[in-house]
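This report concerns only the one structure given below.
The values are calculated or read from the model by the stated rules, or taken from the named source; none is laboratory data. Bear in mind the structure is a predicted one, so any value in this text is a computation, not a measurement. Using ideal geometry, Cβ is built from the backbone for each residue, glycine included, and neighbour counts are taken over all protein chains shown. Areas reflect the complete protein model, heavy atoms only, side chains present, ligands, DNA and RNA absent. Shrake-Rupley method; radii C 1.70, N 1.55, O 1.52, S 1.80 Å.
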Amino acid sequence: MIQSVNKYHIYEIYASDGRFYYSIPKYQREYTWSYREWEALYDDISENNPEYFIGSIICIPLGDAINPYMEVIDGQQRLTTISLFLAALYKRLSELKEYLDEDDEDIIPAMRKALKSNISPNEMKLVPQVQNHNQDDYNFIMSNLGLKKSVSSKHAYFSVRKVSRCYQHFLSLMDKEMEGMTPEEKVTFLLNKYDKLKQAMLVKMEVSSHSDAYVLFESLNNRGTPLTAIDLMKNLIMAKAESNGLTTDDCFNRWQQLLAYLSDDYGTQERFFRQYYNAFKHRLNDPFRSDSDRKKDPLGVVATKSNLLNIFEKLISKDLNLFLEDILDCGKYYSWLILQDSDNAYSKNLEDLDHIQGAPSYLLLLYLLKNKDALQITNEMINKLIGLLNKYFVRRNLTDYPSTRDLTRIFMDIINKIEEASSVADRVFSIIIETLGNPNNCASDERFKLSLEGNVYKDNVGAARYILCKLAESTMTQETWQNLWGRTNKNVFIWTIEHIFPEGDNIPECWVEMIADGDRQLANRYLEEYTHKIGNLTITGYNSTLGNKSFEEKRDRKSKDGKRFIGYKNGLDINKEIAQKDSWTIDDIKNRTNALVEELLKVYAFPGL
């Protein structure tokens, strides 16, 4: 719940009573702002009128009435930078205090009170996070300014780290502006700068939990980099570590291992957390069920992006050690599914599942891998299932049936049926086939055939490429093997879909002549009707060198050195028939479409349909 949203002047954010402080959680990301952000803040303060809005922060009020503090969930970059700007102003004004008028003599004590706290563990109003010596460097600066009773040490490479550089940068910016000024003019300049800083406005939002903070991140567009749901999970784990008898270092290392299993891609990480809950929903809800609350799933019916953090906040808070052990184990299995660890018995079939965009089924596969022994299923059965899922997603992705939003429900339904019937061994496999083969869950042969006969390239280019590559691979031997999924250093496929009758509105004259006996209007109609049919598509490398060339040129095209064919004589069996032709006509497209459709209906036949 959002407790309050209020606009404050900076001097109110840094209230002078010293009876509170702002704390950055230990394992939040380190201080990362640099020159661009420092100068932007400095210019915003300098160039705008007083009460200029400079952003927002999100905090959770913690502690008690005697020792209150704010845990900063979002805004550490901004607060740290403002504190260092204030410290730089304090340093320069302190050096010129003999030139202050009597009316301004209370300015320096007021700045001290703004930066200091009577209850903070490091004596300062801001307790930075510890990564990369952020807190040590900050404390050393404040100690040098005489703001800390305890002496702080200077660590190696202090001068090249961000906190030190920020502080020095503000000093340098002010010194540059004060060049040639008298001491009195410098005092006037610094007081004006301080007045603008303390009058600047921040919005401070106080929330009661990390999940509430995440709801705000969805709608706010801060200058700082917002934390993700996964960042907030990590922060909560670190906050709960000691109360669960664990060390923060141990929790951090386990968390980093989990993320290593999941790759650096945030979308993949988030999908894992959703699928983890959805796969094991029944047992994860067990500790939260009670006689007074009759909800079957008190944590939530299904994990979505919007409720993800709320679910995991409860799981983490219930039993942190058990949670970490379980999710780390599941993370290892997930690394197999996303091919982070390809040294497993399922790698080849999983590559195909990845190529056909079958990630929604990872939910089911994660459940089966985790419970493999209890379910009495073998590696052979799992490989057979992955092959079945490949067929399922070819049919689904070409027909767009069932809808994407139904896929999670379907795979959760399978798990529910397995658990309700306490199924093991072959019965597990039977339930999967029966559920996926249900007409409500899988495209019929008639629907699949209509899609194969349609404009497959326009309907789903990824699925079209997949089935063409699989057709090409099906006749390869060890001697003729080509990796059709290889990519260039620019991350584009080396082997790509080639339109034999070329796509594009400007049909070359040679093709108008060949395809429509010189009738351009008819050729344009054929272009719209036939160019994206499966019978007009094939796989070649060097696609950009073929393009709108004549059929003969495309067929006989060679590499620049003339040593190998790169057109339809490239050696792929899928091009063998095309390479033997002297022309390409609409009848050729029709006949090849019919032949390929019949072959694909057999290859991707689904049990029970």
Inset, instruction - Filter segment 342-381 down to residues that are touching a residue at least 12 places away in the same chain (Cβ under 8 Å) and part of a loop (DSSP other than H, G, I, E, B), then give me how many there are. - result: 7
Inset, instruction - Could you tell me which numbered condition GLY437 fails, if it satisfies all but one of (1) in contact with a Gly (Cβ under 6 Å, 6 or more places away or on another chain); (2) without any contact (Cβ under 8 Å) to a residue 24 or more places away in the chain? - result: (2)
Legend entry - Selection count where residues are in contact with a helix residue (DSSP H, G or I) (Cβ under 9 Å, 6 or more places away or on another chain) and either among the β-branched types (Val, Ile, Thr) or touching a residue at least 60 places away in the same chain (Cβ under 8 Å) (or both), scope segment 475-515: 13
Inset, instruction - Go through the residues of segment 528-543 one by one and say whether even a single one is open to solvent by 30 Å² or more (accessible area, probe 1.4 Å) and modelled with pLDDT under 90. - result: yes
Legend entry - Pick from segment 462-490, criterion closer than 18 Å to LEU398 by Cβ and in contact with a strand residue (DSSP E or B) (Cβ under 7 Å, 6 or more places away or on another chain), ranking: most open to solvent (accessible area, probe 1.4 Å): ARG465
Inset, instruction - Being touching a residue at least 12 places away in the same chain (Cβ under 8 Å) and either open to solvent by 50 Å² or more (accessible area, probe 1.4 Å) or not aromatic (Phe, Trp, Tyr) (or both) is the filter here, so list the residues in segment 158-173 that pass it. - result: ARG161, LYS162, VAL163, SER164, ARG165, CYS166, HIS169, LEU171, LEU173
Inset, instruction - Could you tell me whether GLN76 is buried (at least 18 other Cβ atoms within 10 Å of the Cβ), among the polar types (S, T, N, Q) and either over 26 Å from the mean Cα position of the chain (by Cα) or under 19 Å from VAL163 (Cβ atoms) (or both)? - result: yes
Legend entry - Total residues in segment 339-385, condition open to solvent by 40 Å² or more (accessible area, probe 1.4 Å), touching a helix residue (DSSP H, G or I) at 6+ places or on another chain (Cβ under 7 Å) and aliphatic (A, V, I, L, M): 2
Legend entry - So PHE273, is it in contact with a Leu (Cβ under 8 Å, 6 or more places away or on another chain), open to solvent by less than 70 Å² (accessible area, probe 1.4 Å) and either within 29 Å of LYS204 (Cα to Cα) or at pLDDT 95 or above (or both): yes
Inset, instruction - Output the number of residues of segment 563-609 satisfying the condition of being among the charged types (D, E, K, R) and either farther than 25 Å from GLU529 by Cβ or assigned to a loop (DSSP other than H, G, I, E, B) (or both). - result: 8
Legend entry - segment 133-156, residues that are part of a loop (DSSP other than H, G, I, E, B) and free of Cβ contacts under 8 Å to residues at least 12 places away in the same chain: GLY146, VAL151, ALA156
